[in-house]
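Working notes, beginning with the structure itself.
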Amino acid sequence: IDSALNTVAWKTLGYLNDENGLKEVPDNPEILFSSASDILKNGIEKLDMDCPLFNQVLNGGMKCGTVTEITGESGSGKSQVCLHAASVQAVQGNPVIFLQTESSFPLSRLSQIILERSETEEEINETMNRIFIKKIQSYSHMLSVLNKDIEALIKDRGVKLLIIDSITAIIRGDKDIEDVGERTEILHSVGSKLQVLCNKYKISVVVVNQVSSAIDYPGHTYGRKVIPSLGPMWTTFINTRLFVSKTDFKVSKE
């Protein structure tokens with residue numbers, strides 16, 4: 001029994017494979033842990049947002065190995081933030097995967113943002129070629145892409161940013177989801193897979209979430225009349241939440 005448990009444990013950690021059994025099992029169990037000193041030395045990679053306000057709020061940029069949720073009311077600019085993040089990373093040379101679940105992809109707006117940051121047509125084409133877009137039709141399609149298709153692209157192209165706009169649309173809008181229990185199971189599957197991708201490939205994941213009315217909500221709403229959708233269980237899979245809203249404040253370059 002102990003041998004069987006050890007086999008399962010080492011395979012989970014990636015030291016065993018199905019074909020030949022042993023791969024490289026370390027003699028020293030300390031290899032399974034990282035000291036606080038090592039973590040500080042290695043640091044955490046952050047993706048520059050090319051916006052002083054975003055970088056300030058995110059303490060230097062979007063952390064790799066984490067999931068960032070962007071939420072807010074309709075028209076608050078959630079998709080605009082995603083397009084900005086995708087274009088900025090692509091201009092900097094970092095490949096991006098963009099999973100679109102709502103309507104059609106705003107390609108013209110993306111082109112506008114990239115054009116503002118590029119000097120030649122060649123630079124524009126190179127930047128556009130670093131952004132990989134896929135339309136997601138349903139939650140089952142989303143799970144299929146996350147479980148089967150996406151890892152090969154991440155490894156092959158060295159993807160640094162994965163964007164899902166939005167996670168809410170495939171849950172709320174899918175008529176095949178029959179009850180709350182099934183919805184919870186789907187959210188758990190999607191959230192768990194996103195965390196696996198973050199930790200395995202050290203990429204940054206951005207997901208857009210919509211909002212719901214905060215009627216009889218027992219928690220703290222920070223003075224807002226709306227709260228992020230998908231419930232408290234979903235929050236266990238995100239590391240950072242950004243609540244965006246429209247204001248009269250403007251940021252411009254001098």
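Coordinate-derived values only; no laboratory data. Everything numeric in this text was worked out from a predicted model, so none of it was measured. With ideal geometry, Cβ positions are generated from the backbone for all residues, glycine too; neighbour counts draw on all protein chains shown.
Some values worked out for this structure:
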| item | result |
| --- | --- |
| The stretch 110-119 - phi-based ³J(HN,Hα) in whole Hz, Karplus 6.51/-1.76/1.60, Gly and Pro as x | 4, 4, 4, 5, 5, 4, 5, 10, 10, 9 |
| Amide proton proximity set for residue 62, modelled H, under 5 Å, gap of 5+ | 47, 49 |
| Point-to-point label distance, residue 37-residue 192, nm (Cα→Cβ direction, 7 Å offset) | 3.7 |
| Nonlocal amide H pairs with residue 69, under 5 Å, H built at 1.01 Å | 207, 239, 240, 241, 242 |
| Residue 226 long-range amide H proximity, modeled H, under 5 Å | 214 |
